[in-house]
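Readers should treat all values here as calculations from the given coordinates under stated rules, not as data from a laboratory. These numbers come from a predicted model, not from an experiment. All Cβ positions, even for glycine, are placed from backbone atoms using ideal geometry, and neighbour counts span all protein chains on display.
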Amino acid sequence: MGIKFCEWCGREFVPNKYSSTTQRYCTADCLNAARNKQEKVERKCIVCGKSFLGKPKRKFCSKECRARKQEQKNKNLDRELEPDTPYLCQKWRQEGESIKKIASTLSRSEKSVKKALAVKLTRVQLRTMEEYFIPCTNTPSRRSRPATTDLLEEQITGSTKG
C-alpha cells in the first residue's frame, strides 16, 4: 500500500486497506465533487428519443420518462403464464420458497405467481412434483404445514385426510 495523489485536489493520501488499488480520491468530499463536475454531454432519451444534456450514464430526459420505462417493465412482470409456470411456482412453493423469491426467480410479479399457484395441475404434474420434491433447507417454515405427500394427495383426490 503506497501513497497516492487525489485526482481531484492533488493532495497525497494513503488509500484505505480495502480499496487500495481502486481508490482515486482522498476524501468523500473530493469523490462527490468529481462526480458532480462530470462533463455533461448530449444524450438521447431511451424512451421518447428527445435530446438532452446529461452525464454520460444518464438514460432518461425526465422523471416522467423514467416512470414510463418502469411501467413498461412492470407490465412485463404480469405477462401471460407460460405452460410450465404454474408447475414451477407450485413445486417451489411446496419446497418452502416464498412467493417473493419465486417471483424474483421467474422475473414475474407476486400477483402473477399467486395466479399461477391457483392453477389446478394435472395428475401427471402432481406425480412429477412428488417424485422430484426437494425440501428447502435454507428457509425456516413460518407455519406448520402437512407433509408434502399429503398436500399432493389432497390435490389429486380432492379430499383431506382425517
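I need the calculated FRET efficiency for the pair Asn16 and Gln38, taking r as the beta carbon distance and R₀ as 22 Å, to the nearest 0.05.
Working: r = 23 Å, r/R0 = 1.07.
In this case the efficiency is close to 0.40.
How high is the FRET efficiency from Ile99 to Ile46, r the C-beta distance, R0 30 Å, rounded to 0.05?
0.45
What is the local net charge at Arg24, summed over the other residues whose Cβ is closer than 12 Å to its Cβ (Lys, Arg +1; Asp, Glu -1)?
+1
Please give every one of the lysines within straight-line cross-link reach of Lys101, meaning a C-alpha to C-alpha distance under 28 Å, and leave out same-chain neighbours fewer than 8 residues apart.
Reachable lysines: Lys69, Lys73, Lys75, Lys91, Lys111, Lys114, Lys115, Lys120.
What distance in nm separates the simple spin-label points at Arg68 and Arg127, each placed 7 Å from Cα in the Cβ direction?
Modelled inter-label distance: 5.3 nm.
What is the packing order of peptides 74-81, 3-10, taking the mean over residues of other C-beta atoms within 10 Å and listing the highest first?
Per-residue mean Cβ counts within 10 Å order the peptides as 3-10, 74-81.
Please give the net charge around Lys114, taking every other residue with its beta carbon less than 13 angstrom from that of Lys114, where Lys and Arg add +1 and Asp and Glu add -1.
+3
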